[in-house]
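In what follows, a single structure is set out as C-alpha cells and then discussed.
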Amino acid sequence: MYQKRRNQLIEQMPLNSIFCVFSGNAPYSVGDEKYPFSVDRNFYYLTGLDKENMMYMAVKYENGTAAHMLFIEPFDEQMAKWVGGRILPKEAAAISGISDIRMNDERWNTICMLLNYRMDRVGKITFLGDFTLQEDHQKRDAHIFAKELTDKYPYVSVENGAYMLTSLRLIKDDEEIEKLKKAISVTNQAILNMMKHAHADMKENELEAHFDFILKSHNCKHSFPSIVGSGKNATILHYGDNNQTIKDDTLVLCDLGASIEYYNADITRTFPINGKFTPRQKQIYNIVLEGNRYIMSLVKPQVTLRELNTKLIEYYETELKKIGLLENGKTVRDYYWHGVSHMLGLETHDVSLSNYPLQKGNVFTIEPGLYLEEEEIGIRIEDNVLVTEDGCINLSEEIIKSVEDIEAYMSKNGE
Ligand code: GLY
Ligand code: MN
Ligand code: MN
C-alpha cells in the first residue's frame, strides 16, 4: 500500500529530483513535558510510520529510475530504559516496505554522494519539500533542510512538492475508506451512549464523558477536541469549554469524532437533553436537516464545495424568509456563517486544492447549521460522505438524525 503511494509520487516527480518529507517532533510544553506528538500526515501517508525525527527521501534519476530511503534515529539504550526503545531498522522496514534504512547522521553524506556522483549536475536538480506554513509562520524541517542544502549546493533549485501529495491524498483508496468507516462506527456507538445517558441539569463535560468512555474502550483517539455545547454555547462554532450545566428543554450540539490510525470521523448531532424537541426547536432543526439532505442530493463529480455552500445559502434564503427570520435587515449570514463542507481524511480539515471539482473517491463533510443566539438555539447536523461515479454514499447514514428517530431512541433508553 505505501509502496504503491510512493510509486505514484515518483510518477509526478520531475527527472533529476529529490523529494524529502519529515515525520516531525513534539515541542516541549513545560519543564520536561512535551506536547503530544502528532506525525506529519504526508510522511505517514507514504511510510505508515508514526515516530519522531525520521525523514523519507525519494530520488528520481535522470533516466527515470528511482530510489527510496528512510533516515531514522539510532537505538539509544538509556532512552529504551526510560520511555521504551526507538523503532529498530528492521521494524521500520517491515512497516514501510522501505529496505534502505539509514541513520539520521548519514543524511548529508548520502546527499553529497547523490549530488556529486549519481545525479546530473549539468541539468536542473530539483529539491522538493513540503513548505506549507501555518499562521504562526514557524519553519518546518523542510525549510531548514532546504536552506542548508542550497547553502551547500547553490545549483539545486527548490520547489514546493506538497501539492503532489495533496492530489494523491484527495482520492481515498479502499483501505482508507475502511478505516474511516470504522472510525464513524465507533463515533456512532459513542453518540448513542451520550443520548442514552442524557438528562436535564447534567454538565456538558459529564455528557462528554459518555462519548469518551466508548472511544477509550475501543482504543481510539479523538479526531479533534470535542465540542459539547448546550443552549447558547451551541451558537459558538468552536466552543470547547464543555463545562456548563445543560438546562431542561435545551438542545445540545455535539461535534466530535473518533480517529483510527489517524483517519478521522467528524460528526455533529444535535439533540434535546430531555429527549423531546420543543415545537420551535423542531421547526429550526428540520430546516437544517432538510438542508443536509438537499446538499447531499447535489453531490456528484465535478461539483465544487463552494457551489454546494451557495446552494445551501439559497435554500436558507427561502426557508428563513418563510418563518420571518429575515426581517429588519437580517440576512442568512446572521444565522449561518461557516462553510458547509471540508475534505476529510488523515486530517479533520483535510488537504485540498483551490476550487477543486469533486472526483470519485473524495471524502468530505456536509455540515449545515443554524445559530439563533437570542433564542439560545444552535443546531448543526454533520455527515461524512464518499463521492461515487454519479453521486455519493453517506458513510454516516447509520447515525440517527431525524426528530422521530432521536425522540424514539431517547425515550426508549430513558425508561
Ligand atoms: N469540528 C470542526 C468541523 O466540523 O469542521
Ligand atoms: Mn465537526
Ligand atoms: Mn467538520
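The values are calculated or read from the model by the stated rules, or taken from the named source; none is laboratory data. No experiment lies behind these values; they were computed from the predicted model shown. Every residue, glycine among them, receives a Cβ derived from its backbone with ideal geometry; neighbour counts consider all protein chains shown. With ligands, DNA and RNA removed, areas are computed over all heavy atoms of the protein, side chains included. Shrake-Rupley method; radii C 1.70, N 1.55, O 1.52, S 1.80 Å.
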Rounded, prolate or oblate, given the Cα gyration tensor of the stretch 6-110, with a/c below 1.5 counting as rounded?
prolate
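Treating only the Cβ atoms of Lys and Arg (+1) and Asp and Glu (-1) as charged, compute the dipole magnitude of the stretch 26-110 about its Cα centre; round to the nearest 20 debye.
I would put it at about 200 debye.
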On C-alpha positions alone, give me the angle between the axis of helix 204-217 and the longest principal axis of the chain, in degrees, nearest 10.
50
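Largest first, how would Ile98, Ile323 line up by accessible area (1.4 Å probe)? All intermediate terms of the calculation are to be shown ahead of the outcome.
Details: Ile98 5, Ile323 50 Å².
Order by accessible area, largest first: Ile323, Ile98.
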If a/c stays under 1.5 just call it rounded; otherwise compare a/b with b/c (prolate if a/b is bigger, oblate if not). Do that for the stretch 262-337, with a ≥ b ≥ c from the square roots of the Cα gyration tensor eigenvalues.
oblate
Count charges around Gly97 for me, please; just the other residues with Cβ under 15 Å from its Cβ, Lys/Arg as +1, Asp/Glu as -1.
+1
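Where both residues lie in the chain, what percent of DSSP beta bridges are antiparallel, nearest 5? Can you show the working numbers first?
Numbers: 41 of 52 bridges.
Bridges in the chain are about 80 percent antiparallel.
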With label points built 7 Å along Cα→Cβ from the Cα atoms of Asn243 and Lys322, find their separation and express it in nm.
4.2
Between the stretch 205-284 and the stretch 344-399, how many Å separate their Cα centres?
17
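Could you compute the longest span of the chain free of chymotrypsin sites (Phe, Trp or Tyr not before Pro) located in DSSP loops and having at most 14 other Cβ atoms within 10 Å, not counting the site residues?
Numbers: sites that count: Phe37, Phe75, Tyr155, Trp337.
With chymotrypsin sites (Phe, Trp or Tyr not before Pro) excluded where exposed in loops, the chain gives 156-336 as its longest stretch.
Under 8 Å for C-alpha pairs, at least 6 residues apart: give me the relative contact order for the chain, rounded to a whole percent. Mind dumping the intermediate values first?
Details: 784 pairs, mean separation 54.1, N = 415.
Computed over the chain, the figure is 13 percent.
In deg cm²/dmol and to the nearest 500, what is the mean residue ellipticity at 222 nm of the chain if only DSSP H runs of at least 4 residues count, each as -39500 (n - 2.57), divided by the residue total? Numbers along the way, then the final one.
Working: 12 runs with 148 residues, N = 415.
Calculated mean residue ellipticity at 222 nm is -11000 deg cm²/dmol.
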Helix axis angle, 279-298 relative to the chain longest principal axis, alpha carbon, degrees
40
Cross-link reach from Lys179 to lysines, straight Cα distance under 22 Å and at least 8 residues apart if same chain, gives Lys4, Lys51, Lys216, Lys221, Lys360
For a test of the definition: using alpha carbon positions, the gyration tensor, and the 1.5 limit on a/c, classify the stretch 336-410 as rounded, prolate or oblate.
oblate
